[in-house]
Amino acid sequence: MEYELAITGRNPPAKYVYTNSINPSQDPSIPLPLLEIPVIDFAHLVAPSELERLRSALSSYGYVMVTNHGVESSLMDRVRLVFKQFLALPMEERLKCQKEADGFEGFGSDMMVTKDVPVVHDFSARLRLTTWPEDKRQMKYWPEQPHDFREVLDEYSSKLLVLHDATLGAMARSLSLDDDDSAFLNAVREGGSISARFNFYPPCPTPDRALGLKPHSDGTVITYLLQDGEVEGLQVLKDEQWFRVPIVPDALVLHVGDHLEIMSNGEFKSPVHRVVLNPERQRMSVVIASFPEEGIQIEPLEGLVSGEKPRLYRQVKYSVVDQVGYYWSGTRVTDDARI
Ligand SMILES: O=C(O)CCC(=O)C(=O)O
Ligand SMILES: [Fe+2]
């Protein structure tokens with residue numbers, strides 16, 4: 001695969017290269033500021049004050065660091081380890097999980113949908129796997145090596161499923177949705193799915209001319225990010241300025257997805273973020289994200305629309321292919337849906 005060339009320290013091929021520096025207004029010798037990211041203690045989310053902190057963070061920025069989330073740090077380490085071991089396998093072993101050109105699952109670069117528009121590609125590769133519901137798993141893409149990969153992912157994703165449902169409940173409570181904790185859950189649960197994205201970013205000798213992931217918001221409901229324990233790279237846009245997201249090894253970064261922004265009638269914001277590359281070191285991250293059912297209509301929950309809070313978004317049909325299109329063209333479903 002092409003990105004493997006980069007591991008040898010070569011410059012990325014032309015299709016990955018931005019002609020302008022990715023930070024034109026920024027002196028590259030001055031590092032970007034570190035983000036002060038609100039920390040939410042999940043064990044205390046029953047307390048009204050912690051719920052209010054959650055609501056306030058998601059309304060202003062759309063992301064929080066979650067601690068006490070119920071996933072042991074040893075399991076998080078094992079998730080990072082099995083992916084590192086997978087990446088270190090001989091190419092022919094990794095190719096067994098290779099994504100088909102027009103498919104979504106498996107290992108490789110993302111599917112391309114806007115063939116006519118010249119776009120710069122992301123200098124990264126991903127292993128995408130649907131983890132829930134179990135009958136949607138496509139086991140042929142699940143690595144058989146390392147031998148415990150499947151077991152570790154299964155364990156991690158079931159823990160995240162519990163956290164996901166609890167988070168949607170807490171989010172509904174934080175908006176006083178008529179004391180109905182399951183309002184968000186009911187809107188997406190049936191037919192919805194959860195998938196894992198194992199992201200790999202090679203080192204890049206010209207980090208001001210290539211990106212691991214271009215600026216985007218997530219076309220998800222909720223995204224949980226397990227970051228690399230050592231190498232930074234994630235940045236978020238806040239008040240039109242890029243900030244570095246700090247590494248907190250045992251915490252998970254939670255992002256509001258575009259569909260949750262729509263369902264919350266804009267109460268929660270889906271943040272724009274990107275991944276920059278490191279000149280010497282490779283980086284990885286593991287994302288667990290939830291998605292609505294293909295074809296369902298997403299719209300603001302009734303309980304969040306009122307005389308004082310008019311409806312901000314029209315109904316939009318969820319489609320994976322549309323989401324990929326938004327990503328490549330640098331647009332967002334939230335902009336399309338805005339009234
Ligand atoms: O690698 C990261 O830290 C972020 C990954 C990300 O934004 C994504 O997978 O959508
Ligand atoms: Fe993302």
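Taken as a whole, segment 87-101 holds at least one residue that is touching a helix residue (DSSP H, G or I) at 6+ places or on another chain (Cβ under 8 Å), under 26 Å from residue 211 (Cα atoms), at pLDDT 90 or above and hydrophobic (A, V, I, L, M, F, W, C). For the residues 92, 50, the requirement of being of a type outside the set (Gly, Ala, Ser) and surrounded by fewer than 14 Cβ atoms within 10 Å (Cβ to Cβ) singles out 92. Before we move on, is residue 338 in contact with a strand residue (DSSP E or B) (Cβ under 7 Å, 6 or more places away or on another chain) and over 24 Å from residue 171 (Cα atoms)? In short, no. Scanning segment 208-230 for residues that are more than 10 Å from ligand 1 (Cβ to nearest atom) and either aliphatic (A, V, I, L, M) or more than 20 Å from residue 332 (Cα to Cα) (or both) yields 208, 209, 210, 211, 221, 222, 229, 230. Candidates 305, 320: the one that is closer than 26 Å to residue 183 by Cβ, surrounded by fewer than 19 Cβ atoms within 10 Å (Cβ to Cβ), modelled with pLDDT under 90 and of a type in the set (A, V, I, L, M) is 320. Listed by position, the strands (runs of 3 or more DSSP E) inside segment 246-311 whose residues that are touching a residue at least 40 places away in the same chain (Cβ under 8 Å) and basic (Lys, Arg) number at least 2 form an empty set.
The values are calculated or read from the model by the stated rules, or taken from the named source; none is laboratory data. The structure presented is a predicted model; accordingly, all values stated were derived computationally and were not measured. Using ideal geometry, Cβ is built from the backbone for each residue, glycine included, and neighbour counts are taken over all protein chains shown.
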